[in-house]
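Participant: Pasting a structure below so you can have a look.
Taken together, the values in this text are just the output of simple stated rules run on the coordinates, not laboratory data. Quick caveat: nothing in here was measured; it's all calculated off a predicted structure. We place every Cβ from the backbone using ideal geometry, glycine too, and count neighbours over all the protein chains shown.
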Amino acid sequence: MRRSSPLMVWILTLAAAGAALAATPTTEVTLDNGLRVILIPHHANPMVASAVVVASGVTHEPAKAAGASHFLEHLLFNGTTSRSQKQLYDDVDRLGAYNNATTREDHTLFTMLAAKDLAEKALAIQADMLFDSTIPAENFDKERKIVLEELSRDRSDPDYDTESAFRAFAFAGTPIARPVLGTEATLTGIARADVLAYYKDRYVPGNMTLVVMGDFAPDDMLALVKRTFGRAPRGTSKPAPAAAWPARPGANLATAKAEGSPDRVLAAFPVDIDPYDPRATAISVLLSAASEGEDAPLRVALTSRGVPAEDATLSLERRVRPLSTVVLDARIDAASDPAKVLDAMAEAIRATRAGGAARARLARFVSQAASDGVLARDQILYFPMLRSDRIIGSPKGFLDAEPTLAAALPPSTWDAAAELLVKGLGFVRARATGAGRADGATRWEPPAETALPRPLPISSRERSATDCGTWSRAATTRTSSRSTSRSFHAPRPSRKGKTGSRTCCTGR
Amino acid sequence: MIRATEVHEAAALEARLSAIGARIKGVDDPSVPFDDYYTTPEFSWLRAEAPATAWRETVSLLAEMIRFPKIDAAGVDEAKKTMARLVAKRDGSARETAAERLDALLAPGHPLTHRVLGTSASVASIGLDDLVRFQKAFATGGRMIVTVAGPVATSDVVAALSADLGGLSAGDPPPSAPPVPRSAVPGVDEATLGKPQAAIALGTVIEFKSEDRPALVVAVAMLSDRLAFDLRETRGLAYSVDSTLRPWGDAWRWDLQMGTRPENIAEAVDGLRQGASAFREAEIRPEDVARTINAVRGRALMRRMTRISLAYEAGMEVMRGEAAGDERRMLEALALVSADDVKRVASRYLDPARLSRVVVH
């Protein structure tokens, strides 16, 4: 008998801290054809997940072909030299496998999940798509229409245009100013020959990293990978086109009228750092300490300036060097002054330095990051998805160390990370939107620092104590998954700053 | 955002949860695509994840949030602002609007059709006293289901829950929801939001014999694949199109949904209807059934790989009055479904003439 509504369902899940980490040393090799392979045994389920990170994103596209990487990702589900599109889909279904892909700014990620005894067939299909797709001419315009539908869907959310306009302003002069999906104009203008040439250029083993995670013995899986992905010809792997940040515009705070959208300030500044650099980990945690929670320095700074601080976050968007950025995303009320929001951001950023209010909150966010790392590592499909922004070019052993990296950082790394953040304040570009805002632009400079840091709220002085104390406590995460009767969608790592990411469910 | 309790200020509670590596989630994240699984008229929920080493304190903190929330005027005002923003976003969504209007066509006035997020007016009218009363009436033992998954002894968990939540009053039993109407004449509704993409929602309430459920699950999955291959992969009319079967009150819902650009609406609606009609007449090949069963089972098993998913599934089974393991047994029963079964249930239950239709453009 069905229990009637309303009803509170309370769900508690407990993960075994540390167990997954201790038992799963990774194997890393580079095949003769240039493919980097990372194998991570994980025996919780009789499943294998295969994730391929391809260096193919807007950072690699010619400007006139904006959206080509995402369009190509779709087209790779349309058939190969040995499979029609229907055969491709049917073969995946026959295995009961999950096959999908996501395009982000500097890479495309392909994921496949299958029962371990079907792993070879699943990886063979994935390799077939990546290396032997035909980009059938008869499917090209159909797939273009699907991508245009996807763009229409996204544009139905007012946030999409707000975020696209922000990116165009804040990242002007760099490839990431362009939207991952492209625009109606660029998508309409892309020819099959352009996409084919791009495919041949980018989809070579040397531009890829294969991460296999699941229930296998490393030697057996390596042999399997060689039989499937190892057969691809080496090809020529080319680096991404060089990118650089132009000088900050004189008027770096733009305002724009946006009907039907809540008032919002988006701001960004570049951080010249590799996405796998330990300082990037430190920056992520410092930004959490600066912006998350009731007593966060950002919230305190906003409130002290009379800005209602309902929803404001700071985060690091990791991309290939030099395109990583810190992003502020603040929902404000119509009466609030965007310059005050930026002033508050500057105060919060400065509070990440030694002795600052954010540093005093650090221990708990280190603990949280460690916990997040353990939970992420416990989910074989999601782990590469959640870490794909820092895999390309990362040193050997990075994925092994990453979940507990924050807990192991020395004080000097936190100091260096904080200094990078403070330095970035000189390069801020921001855009404020709302129904009552007028189009325009003005100059914003970070305010002069006050001599004394703002006093900490009492609750911030809790046990965290120091920013160089004993962090080697339990590790942790912030990933989530869910089981529902509806279709599956992977969670994004975080809402923060994902103004350009594309989570695309091309497969079924 | 974590809010204060009578024991902890919000900041202190957040700090403690972070320090032990625990996460508690109580609302969907509107910035995550399709993170709408828990914004449902059927239940409210809290979800906690923590390292096993911290399970006991996590239970205590969660119980504290349920039993002793600090509900004050400032917190209510802040929550109302957040709610107003969510309502505005929902009101601007073609997909959400189409789903709501279809619900209203199928079961006018039924509690399942009430807006979970409310309306701008209803949110504005909620006062402090209302919320205090609501908390007292609803945070009771008789309305609560707790499911736990993880490496902790059952007896320890039961002891902890007894200690921390055993003091809750049983409260009044949940009111019985009225039955969902079965014989509604198919309705049609349309709305204009002026969005770049229109939403099409077709659906009907169905009843079937419980022994037919596995075959119906397979039939709907096959129909969904065929619609996707025709409307998306052949004609390029949609980014997402599917057919679903789901429980709805004391009955079930069969739905077809699709997003498409406004210029495609007529072709899309026709394609959905034609596709559903053609499926009833089509040859059902055993190899297609076998493939679909593998796909359905694979997706279901994928969703059961994590502890949080297992806990969710167990909670849903209890709430729906099913025995523990019923969902797993249903998946096993799929293996017995034949092509004849699929043909029979498609013909008997999946009648496109019964579908109500909503288009929001």
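Participant: Provide the three semi-axes, in whole Å and in decreasing order, of the ellipsoid equivalent to the stretch A:19-231 as defined by the square roots of 5 times the Cα gyration tensor eigenvalues. Each step should come with its number before you reach the end.
Facilitator: Numbers: eigenvalues 199, 79, 53 Å².
In descending order the semi-axes read 32, 20, 16 Å.
Participant: Which links in A:LYS142/B:LYS343; A:LYS116/B:LYS343; A:LYS340/B:LYS70; A:LYS238/A:LYS423; A:LYS86/A:LYS200 stretch past 29 Å when you go from one Cα to the other? Mind showing how you got there, number by number?
Facilitator: Values: A:LYS142/B:LYS343 31 Å; A:LYS116/B:LYS343 33 Å; A:LYS340/B:LYS70 31 Å; A:LYS238/A:LYS423 32 Å; A:LYS86/A:LYS200 23 Å.
Correct reply: A:LYS142/B:LYS343; A:LYS116/B:LYS343; A:LYS340/B:LYS70; A:LYS238/A:LYS423.
Participant: Using modelled backbone amide H atoms (1.01 Å from N, in-plane), which distant-in-sequence or interchain residues come within less than 5 Å of A:TRP444's amide H?
Facilitator: Distant-sequence amide H within range of A:TRP444: A:ASN252, A:LEU253.
Participant: In addition: Tally Lys and Arg at +1 and Asp and Glu at -1 over the other residues with C-beta under 10 Å from the C-beta of A:LEU35: what net charge comes out?
Facilitator: Details: positive: A:ARG36, A:LYS226, A:ARG234; negative: A:ASP32.
So the environment of A:LEU35 carries a net charge of +2.
Participant: Please compute the net charge surrounding B:VAL132, taking Lys and Arg as +1 and Asp and Glu as -1 over other residues with Cβ under 13 Å from its Cβ. Mind dumping the intermediate values first?
Facilitator: Details: positive: B:LYS70, B:ARG133, B:LYS136; negative: B:GLU6, B:ASP72, B:ASP129, B:ASP130.
Local net charge: -1.
Participant: How big is the dipole moment of the protein assembly as shown about its Cα centre under a simple scheme where the beta carbon of each Lys and Arg is +1, that of each Asp and Glu is -1, and everything else is neutral? Debye, nearest 20, please.
Facilitator: Details: 109 positive and 107 negative charges, 132 e Å.
Dipole of the protein assembly as shown, to the nearest 20 debye: 640 debye.
Participant: Quick check for you: which residues of the stretch B:248-282 have the amide N under 18 Å from the point 7 Å beyond the Cα of B:LYS209 toward its beta carbon?
Facilitator: Counting backbone N atoms under 18 Å from the label point, the list is B:252.
Participant: Follow-up. Compute the distance in nm between two label points, each set 7 Å from the Cα along the Cα-to-Cβ direction, one at A:ASP333 and one at A:ASP161.
Facilitator: 2.7
Participant: Any idea how far the Cα center of the stretch A:229-243 sits from the one of the stretch B:56-72, in Å?
Facilitator: 53
Participant: Test of understanding: extend the Cα→C-beta vector of B:THR40 to 7 Å, then name every residue of the stretch B:233-264 with backbone N under 16 Å from that spot.
Facilitator: Counting only backbone N, you get B:244-255.
Participant: Which of these, B:ALA94, B:ALA15, B:ALA199, has the largest mean-square fluctuation under a Gaussian network model of chain B (Cα springs below 10 Å)?
Facilitator: Between B:ALA94, B:ALA15, B:ALA199, it is B:ALA15 that shows the largest mean-square fluctuation.
Participant: Mean-square fluctuation check for chain B, GNM, Cα pairs under 10 Å: which of B:GLU190, B:GLU96, B:GLU78 is largest?
Facilitator: Of B:GLU190, B:GLU96, B:GLU78, the most mobile in the Gaussian network model is B:GLU78.
Participant: Over all Cα pairs of the protein assembly as shown, how is the pair count split among 20 Å bins, expressed in % and running from 0 up to the last occupied bin?
Facilitator: Percent of Cα pairs in each bin: 14, 49, 34, 2, 0.
Participant: Compute and list, largest first, the equivalent-ellipsoid semi-axes of the stretch A:302-374 from the alpha carbon gyration tensor, each √(5λ) rounded to a whole angstrom. If you can, show how the numbers build up before the last one.
Facilitator: On the way: eigenvalues 118, 57, 33 Å².
Computed over the stretch A:302-374, the values are 24, 17, 13 Å.
Participant: Just want the ordering: B:THR82, A:THR236, B:THR58, from fewest to most Cβ atoms lying within 10 Å of their own Cβ. Numbers along the way, then the final one.
Facilitator: Values: B:THR82 16, A:THR236 10, B:THR58 25.
Ascending Cβ contact count within 10 Å gives the list A:THR236, B:THR82, B:THR58.
Participant: What number comes out for the charge environment of A:VAL307, summing +1 per Lys or Arg and -1 per Asp or Glu over other residues with Cβ under 13 Å away? Write out the running numbers ahead of the final one.
Facilitator: Values: positive: A:ARG264, A:ARG299, A:ARG305, A:ARG331, A:LYS340; negative: A:ASP263, A:GLU310, A:ASP311, A:ASP333, A:ASP337, A:ASP343, A:GLU347.
Computed value for this residue: -2.
Participant: Something else now. So if R0 is 51 Å, what FRET efficiency would B:ASP130 and A:VAL29 give, r being the distance between their Cβ atoms, rounded to the nearest 0.05?
Facilitator: Details: r = 63 Å, r/R0 = 1.23.
E between B:ASP130 and A:VAL29, to the nearest 0.05, is 0.25.
Participant: Can you run phi through the Karplus equation (6.51, -1.76, 1.60; θ = phi - 60°) for the stretch A:187-203 and list ³J(HN,Hα) in whole Hz, with x for Gly and Pro?
Facilitator: My calculation for the stretch A:187-203 gives 5, 5, x, 6, 9, 4, 4, 4, 5, 4, 5, 5, 4, 4, 6, 9, 8 Hz in order.
Participant: How large is ³J(HN,Hα), in whole Hz, for each residue of the stretch A:375-382 in order, when computed from phi with the Karplus curve 6.51 cos²θ - 1.76 cosθ + 1.60 and θ = phi - 60°, using x for Gly and Pro?
Facilitator: Going residue by residue, I get 5, 5, 5, 7, 10, 5, 6, 7 Hz, with x marking Gly and Pro.
Participant: Which of the peptides B:142-154, A:178-190 is most tightly packed, and how do the rest follow, judged by the mean count of other Cβ atoms within 10 Å per residue? Each step should come with its number before you reach the end.
Facilitator: Details: B:142-154: 17.0, A:178-190: 19.1.
Final packing ranking: A:178-190, B:142-154.
Participant: Give me the one-decimal nm value for the distance between modelled label points at A:ARG248 and B:ASP340, 7 Å along each residue's Cα-to-Cβ direction.
Facilitator: Simple spin-label model gives 7.6 nm for this pair.
Participant: Still on this structure: Under a no-solvent Debye model with one identical scatterer per Cα of the stretch B:10-165, what's log10 I(q)/I(0) at q = 0.17, 0.18 Å⁻¹?
Facilitator: Taking Cα atoms of the stretch B:10-165 as identical point scatterers yields -1.21, -1.30.
Participant: If I build a Gaussian network model for chain B, linking alpha-carbon pairs within less than 10 angstrom, which residue out of B:ASP255, B:ASP212, B:ASP130 has the largest mean-square fluctuation?
Facilitator: Sorting by GNM fluctuation, first place goes to B:ASP130.
Participant: Could you give the nm distance between label points at A:ARG227 and B:LYS70, where each point is 7 Å from its Cα heading toward the beta carbon?
Facilitator: Output for this residue pair reads 6.2 nm.
Participant: Nearest 10 degrees, 0 to 90: what angle lies between the long axis of helix B:10-19 and the longest principal axis of chain B (Cα atoms)?
Facilitator: 80
Participant: For A:GLY182, which sequence-distant residues (separation of 5 or more, or a different chain) have an amide H within less than 5 Å of its own amide H, given hydrogens modelled in the peptide plane?
Facilitator: Those lying under 5 Å, H to H, from A:GLY182 are A:GLY67.
Participant: Between the stretch B:93-129 and the stretch A:164-201, how many Å separate their Cα centres?
Facilitator: Computed from Cα coordinates, the inter-centre distance equals 39 Å.
Participant: Among A:SER371, A:THR313, A:LEU253, whose Cα projects farthest towards the positive end of the dipole of the stretch A:253-461, with charges put on the beta-carbon of Lys, Arg (+1) and Asp, Glu (-1)?
Facilitator: It is A:LEU253.
Participant: Let a ≥ b ≥ c be the square roots of the eigenvalues of the Cα gyration tensor of the stretch A:74-118; is it rounded (a/c under 1.5), or, if not, prolate (a/b larger than b/c) or oblate?
Facilitator: Values: a/c = 2.79, a/b = 1.26, b/c = 2.21.
Taking the square roots of the gyration eigenvalues as a ≥ b ≥ c, the stretch A:74-118 is oblate.
Participant: For helix B:73-91, what angle does its Cα long axis make with the longest principal axis of chain B, in degrees from 0 to 90 and rounded to 10?
Facilitator: That helix lies at roughly 10 degrees to the long axis.
Participant: What whole-number distance in Å separates the alpha-carbon centres of the stretch B:209-248 and the stretch A:342-393?
Facilitator: Result: 40 Å between the Cα centres.
Participant: Just tell me how shielded A:89-95 is by partners: mean number of partner chain Cβ atoms within 10 Å of each residue's Cβ, no decimals.
Facilitator: 6
Participant: Amide H to amide H under 5 Å from A:SER261: which residues, 5+ apart in sequence or cross-chain, H placed 1.01 Å off N in plane?
Facilitator: Answer set, sorted by chain and number: A:ALA435.
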